[in-house]
Amino acid sequence: GKPMYCTYQDGTATPSTGVIKNTHGTFPLAWLNAVTPQQRADVDTYLFVDDSRAVPSGFYEPGVVSDAAPVDGVVVRSNVPVEKTIDNAKQHLKNSIETKYNTVLRGGLVFSVESKALSTSVETVSEVVVTLGRIDNGKALPENYKVSDLTGARIVMSEVNLRKYSDEIAEHFYSARKARDDHQDAVDALSAFTDVITYDSSTNWPTNPVV
């Protein structure tokens, strides 16, 4: 976006998106953009940067806002982050675990046959379940039945391998759910804010293929 400038007095910046007016005069944006930081400082005008909404992570909320004294012609507005309550911090962490779960769950698996990267998407799982249901009801698997791997290649799948694929999908889902539930149970047991923000929720998830 366009640069913003400000005046600075008694520890407080007064920003403007257009003309700056102070005891030195009136300074249009075009002039402010064209001159050096020192020339702006000579008329008590500075580039303004608003970082007051920034927080280090979702475990914090913006706190008291302050305007730092000009440094190299720039005034930065920032805040002192405030820790969320322990319950809100834990909920933020559990939400991130749930997001990780959904990503891993549908991120595919490495099939034990030829190490193919196969899908675990809703559509693919539904197709596998329906196809095996038809076979169990006496229908033959269509000749040259194929599934797509995660690169888009079509792979011929025998009935034996299709059942193995189904079993590995189920195992992948079970492992993902177990990882999620174990992590969320561990988070529930935490009682200190520092333990929440340092908790490692990246472990013990099933592997998704890299394609």
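The values are calculated or read from the model by the stated rules, or taken from the named source; none is laboratory data. Quick caveat, the model's predicted, so the values are computed rather than measured. Backbone-built Cβ (ideal geometry, glycine too); neighbour counts: all protein chains shown. Please note that ligands, DNA and RNA were not included when accessible areas were found on the heavy atoms of the full protein model with its side chains. Shrake-Rupley method; radii C 1.70, N 1.55, O 1.52, S 1.80 Å.
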### Task
Identify the single condition in (1) under 30 Å from E61 (Cβ atoms); (2) buried (at least 17 other Cβ atoms within 10 Å of the Cβ) that L109 does not satisfy, given that it satisfies every other one.
(1)
### Search result, residues across region 2-14 that are touching a residue at least 40 places away in the same chain (Cβ under 8 Å) and either part of a strand (DSSP E or B) or under 14 Å from V71 (Cα atoms) (or both)
M4, Y5, C6, Y8, G11, T12, A13
### Task
Inspect all residues belonging to region 67-83 and state whether any of them is over 25 Å from the mean Cα position of the chain (by Cα), among the polar types (S, T, N, Q) and buried (at least 17 other Cβ atoms within 10 Å of the Cβ).
no
### Among the candidates L190, L150, L118, residue that is of a type in the set (A, V, I, L, M, F, W, C), buried (at least 16 other Cβ atoms within 10 Å of the Cβ) and closer than 30 Å to T85 by Cα
L190
### Task
Looking only at region 22-44, decide whether some residue is of a type in the set (D, E) and touching a His at 6+ places or on another chain (Cβ under 7 Å).
yes
### Matching entry among V130, V104 (being surrounded by fewer than 12 Cβ atoms within 10 Å (Cβ to Cβ) and modelled with pLDDT of 95 or more)
V130
### Query
Just one of E159, E168 is charged (D, E, K, R) and open to solvent by 50 Å² or more (accessible area, probe 1.4 Å); which is it?
E159
### Hits in region 155-211 (condition: hydrophobic (A, V, I, L, M, F, W, C) and not in a helix (DSSP H, G or I))
I155, V156, M157, A189, L190, A192, W205, V210, V211
### Message
For region 33-64, give me the residue count where each residue is under 18 Å from T23 (Cβ atoms), open to solvent by 40 Å² or more (accessible area, probe 1.4 Å) and polar (S, T, N, Q).
### Response
1
### Query
If you go through region 43-85, how many residues are without any contact (Cβ under 8 Å) to a residue 12 or more places away in the chain and either hydroxyl-bearing (S, T, Y) or in a loop (DSSP other than H, G, I, E, B) (or both)?
2
### Query
Which of the residues that make up region 99-142 are in a loop (DSSP other than H, G, I, E, B), closer than 15 Å to R163 by Cβ and small (G, A, S)?
S112, A140
